[in-house]
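The values are calculated or read from the model by the stated rules, or taken from the named source; none is laboratory data. Quick caveat: nothing in here was measured; it's all calculated off a predicted structure. All Cβ positions, even for glycine, are placed from backbone atoms using ideal geometry, and neighbour counts span all protein chains on display.
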Amino acid sequence: MAKKIYVIGHRNPDTDSIAAAIGYAELKKVLGQPDVEAAMAGEPNPQTRYVLDRLDIAPPLYLADVHPKVRDVLNRRPVTAAAAIPLKEALELFHRYTIRVLPVVDGDNVPLGVVSLLKLSEKYLVAGTDRKRGIDASLRSLVSCLDGTVLVGSPAGDELEHLHLFIGAMREESFSSRIAGYDAATLLIMTGDRQGIQEAAVERGVRLLVVTGGLPVADAIVARAREQGVTIISTPHDTSTAAWLARLATPLACFVEPRFEKIGVGEPLDHLRLKLLHSGEPAVVAVEEDGTIAGIATKSSLLAPLPYALILVDHNELGQAVPGAESVEIAEVIDHHKLGNPPTNQPIIFMVAPVGSTCTVVASLFRERGLTPAAKIAALLLAGILSDTVILKSPTTTGRDREMVGWLEECAGLDHLSFGKEMFSSCSGFAAHGTPQQAIRADFKHFTAGDTLFGVGQVEVVGFDEFHELKETLREALKKVLAEDRLQLAGLMVTDIHTETTLFLAEGKKELAHVMGYPQLEPHLYELKGVMSRKKQLVPHLLKVLGKL
């Protein structure tokens, strides 16, 4: 089965992140990779939702995390057995499927316990007189395992009986003295065509007489057995084989270990690893949410390759990636940010370009291969570039961004300026984001300057009136973000796309005012004229000034 590849952007995805994921997944499919699917690591922000609705494009698959789960390494076709089957059938399952542990299930496929081949052999070969001679089985199971034919008596009994097996391979006098100390109702006598042994067994009123080798039994003995209530079974097997098969008539229920390690298919793979390494058990039973068996996991399951991998777009740092990305194969990276990537075990496609948008890179890949994206995909990639470059006004904008915008607007049949204004006008401001804290969180990223961990969010607006009305509420929300994320500094960029000015509201690091280098309008608030880019302008500046502190 081909591995599933998810193309996914960073947490708190913006329009560029989601558009790049959808666009690059579409490119992969056009190039003949059908098992590629776009995904997102968070809910789309209002602008992205507007764009997707406007273009009638479904949001990508939402992945809250990609931590490997038990289900990812499980063989979902487990070999199971009912508790009532004879040991003979169970051993056949062990041999046929080369397994070491056999789950025992009820009629609803819920596990009752397990039978391990190792413990079964230990239990079956246990020393002791009664263990060597005793057989726990029903008459029906004995007939089945011996491939027997009932000559007299009823074979229908399913109740478990404890029988003592004796082989009639001696003179009748010796044989009779040997069985004298046992209750006749518990005796299972096995012999060939020794008529004297057969007669002695019947006269004694034993529970069961098995005649081996398919040899005939005299009519008089059969008649007497009927009078005595003795069941006689004829088996085609020789006495040695028949004795062995009789022991295998014991139901599997007698060997079930009711205490066993169990795990849900949705639990993290790390939980399975701990159970396998520290429980001392050779296998763990995995169950579905309804309690039915899903499979058996062994230590070799931990070595199974995961059925999915990731292509990261619009980021290359694990701190911004979907939770669990560190445990999953990263197949490719398509980005336009600074490097902070994790190491990989194999060489991968790693494409990072100094442009204003990841969608610029994706669009370039279409054109380089002589492919024209469908009108909807072209419009979506155009939206990603316009969003990240603030309609080509951001200082991150490059000639390549402008070139791709010109090509994409032709492919999409849109005017980029009108489309860009429509995007920003419909979803600018704080009201579109819900609560002030949601507005801060919508596009909030973490960074590190030396020992200082800080985070910056950004909201585009048309005019600052709404911000000034919400300023104190936003500051309180920033305090909560500061505490929740254990940051030393939390800030919010409020960027007016018309005046190309940013107001920066900051909480934490009170000494920032002495080194910020921009006018402080009031405590915690700075005016950053000409600053529109978090990536290229504000964050590099904060890295420098926080380094001084």
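If you go through the stretch 355-396 and keep only what is in contact (Cβ under 8 Å) with a residue 60 or more places away in the chain, over 25 Å from LEU339 (Cα atoms) and not in a helix (DSSP H, G or I), you end up with ARG369, LEU371, PRO373, ALA374, ILE391. Scanning the stretch 393-415 for residues that are closer than 14 Å to GLU460 by Cα and either in the same structural domain as VAL494 (by TED's automatic domain parsing) or crowded, with 19+ Cβ neighbours inside 10 Å (or both) returns a single hit, SER394.
Yes/no per residue for (1) closer than 26 Å to VAL322 by Cα; (2) in contact with a helix residue (DSSP H, G or I) (Cβ under 9 Å, 6 or more places away or on another chain); (3) surrounded by fewer than 20 Cβ atoms within 10 Å (Cβ to Cβ):
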site: PHE447; (1), (2), (3): yes, yes, no
site: LEU453; (1), (2), (3): yes, no, yes
site: GLN458; (1), (2), (3): yes, yes, no
site: GLU466; (1), (2), (3): no, yes, yes
site: LEU478; (1), (2), (3): yes, yes, no
site: PHE504; (1), (2), (3): no, yes, no
site: GLY517; (1), (2), (3): no, yes, yes
site: VAL531; (1), (2), (3): no, yes, no
site: HIS541; (1), (2), (3): no, no, yes
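Looking only at the stretch 133-170, residues that are under 19 Å from ILE85 (Cα atoms) and not in a loop (DSSP other than H, G, I, E, B) come to 14 in all.
Give the residues of the stretch 214-269 that are more than 30 Å from LEU91 (Cα to Cα) and either part of a loop (DSSP other than H, G, I, E, B) or under 56 Å from the mean Cα position of the chain (by Cα) (or both), sorted by residue number.
Of everything in the stretch 214-269, those that are more than 30 Å from LEU91 (Cα to Cα) and either part of a loop (DSSP other than H, G, I, E, B) or under 56 Å from the mean Cα position of the chain (by Cα) (or both) turn out to be PRO216, VAL217, ALA218, GLY229, VAL230, GLY266, GLU267, PRO268, LEU269.
Scan the stretch 490-538 for residues that are closer than 27 Å to THR397 by Cα and either β-branched (Val, Ile, Thr) or free of Cβ contacts under 8 Å to residues at least 12 places away in the same chain (or both) and the total you get is 8. Take the conditions (1) crowded, with 21+ Cβ neighbours inside 10 Å; (2) assigned by TED's automatic domain parsing to the domain that holds LYS338; (3) of a type in the set (S, T, N, Q); SER418 misses just one of them, which is (1).
Exactly one residue out of GLU476, GLU466 is more than 43 Å from the chain's Cα centre (by Cα) and outside any strand (DSSP E or B): that is GLU466.
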